[in-house]
Amino acid sequence: MGLHETHRTLVEQAFADRTLLSSPDHRDAVEGTITALDRGELRVATPPDREDGEWTTHAWIKEAILLYFAIRTMERLEVGPFEFHDKIPLKKHLDAGVRVVPPGVARFGSYLEPGSILMPGYVNIGARVGAGTMVDTWATVGSCAQIGRDCHLAGGVGVGGVLEPPSAQPVIVEDGAFVGSRVVLVEGVRVGREAVIGAGVVLTSTTAILDVSGPEVVEHRGRVPPRSVVIPGVRPRKFPAGEFGVPCALIIGRRTEGTDRKVSLNAALRDFAVPA
């Protein structure tokens, strides 16, 4: 049995019986799992082998994160002129090629791949940010969120954390996606590769994502298909007090598969007049 499998067994035992956290072996398994996350050796969710496949969420790793909060104590953290008081230390010893612009903050147990850029935003424990991706100013990447490579999270984007239940899928943004300013992604929403999410879109697990690019409306929930161009929308709904507009998201077109991602992105923003 490998080290990670040994840690998995001990973590699952401790999650079922918290009294086991008094055992050094179980505590070491929890801390070892978080250290492996921090180094990029483990990840909370792994991508499928094919585009139409499902991501695999590793519940035991999320259990380790929850247990890590349980065994940590509050401490004072000093970073230059800044002082914090928290249970989780900040990330240190960044890989070569990772750029973090002050006061951008990544928590221990997150992983930033080489070539990623963190502007003055925030990356929480368990999250992963892919190479070539920019987390722009005041954008937040919540706990366990998986952000692919060559993505752009524009200013003020809010990617929610999903820790409980441990089996729940985290928010996933696949490779090459562009997420516009003030977009909110929560409750395990999955944004397909190379999708363009226009400014101000809010996506939850129950938000209606309506493809209006064809002759008939096609409805999706919880998932934005690859290369979709999405803008905020409203559709009417009747209530006892009358008819009101309910927020939804509209797929108004597709990025072209055969073009370079950057060219396609510029074309999508221009052709569909999507605000960034």
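The values are calculated or read from the model by the stated rules, or taken from the named source; none is laboratory data. Model, not experiment: these values are computed from the prediction. Note: ideal-geometry Cβ built from the backbone for every residue, glycine included; neighbour counts use all protein chains shown.
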For Phe82, the lone unmet condition from (1) within 22 Å of Val135 (Cβ to Cβ); (2) surrounded by 13 or more Cβ atoms within 10 Å (Cβ to Cβ) is (2)
Which condition number does Val189 fail, the rest of (1) hydrophobic (A, V, I, L, M, F, W, C); (2) under 22 Å from Asp49 (Cα atoms); (3) touching a His at 6+ places or on another chain (Cβ under 6 Å) being met? (3)
Give the residue that is nearest to the chain's Cα centre (by Cα), with candidates limited to residues of segment 24-51 that are among the β-branched types (Val, Ile, Thr) and farther than 18 Å from Gly142 by Cβ. Thr46
I'd like the full set of residues that are at pLDDT below 95 and either closer than 26 Å to Val123 by Cα or surrounded by 19 or more Cβ atoms within 10 Å (Cβ to Cβ) (or both), limited to segment 1-48. His4, Pro48
Whichever residue in segment 131-162 is closer than 16 Å to Asp38 by Cβ and of a type in the set (Gly, Ala, Ser) and, among such residues, is surrounded by the fewest Cβ atoms within 10 Å (Cβ to Cβ): Ser143
Residue list for segment 98-111, filter: in a loop (DSSP other than H, G, I, E, B), over 16 Å from Arg39 (Cβ atoms) and without any contact (Cβ under 8 Å) to a residue 24 or more places away in the chain: Val101, Pro102, Pro103
Name the single residue that is surrounded by the most Cβ atoms within 10 Å (Cβ to Cβ) among those in segment 169-196 being among the charged types (D, E, K, R) and assigned to a loop (DSSP other than H, G, I, E, B). Glu194
Return the only residue of Gly160, Gly130, Gly109, Gly126 being at pLDDT 95 or above, under 20 Å from the mean Cα position of the chain (by Cα), of a type outside the set (S, T, N, Q) and closer than 20 Å to Gly198 by Cα. Gly160
Name every residue in segment 200-246 that is β-branched (Val, Ile, Thr) and not in a loop (DSSP other than H, G, I, E, B), in order of residue number. Val202, Ile209, Val218, Val224, Val229, Val230, Ile231, Val234, Val246
Val135 fails exactly one of the following numbered conditions: (1) at positive phi; (2) in contact with a Gly (Cβ under 6 Å, 6 or more places away or on another chain). What is the number of that condition? (1)
Quick one: in segment 52-97, of everything that is of a type in the set (A, V, I, L, M, F, W, C), in a loop (DSSP other than H, G, I, E, B) and over 18 Å from the mean Cα position of the chain (by Cα), which residue is modelled with the lowest pLDDT? Ala96
Kindly indicate which of Ile209, Ile252 is touching a Phe, Trp or Tyr at 6+ places or on another chain (Cβ under 8 Å), surrounded by 13 or more Cβ atoms within 10 Å (Cβ to Cβ), modelled with pLDDT of 95 or more and β-branched (Val, Ile, Thr). Ile252
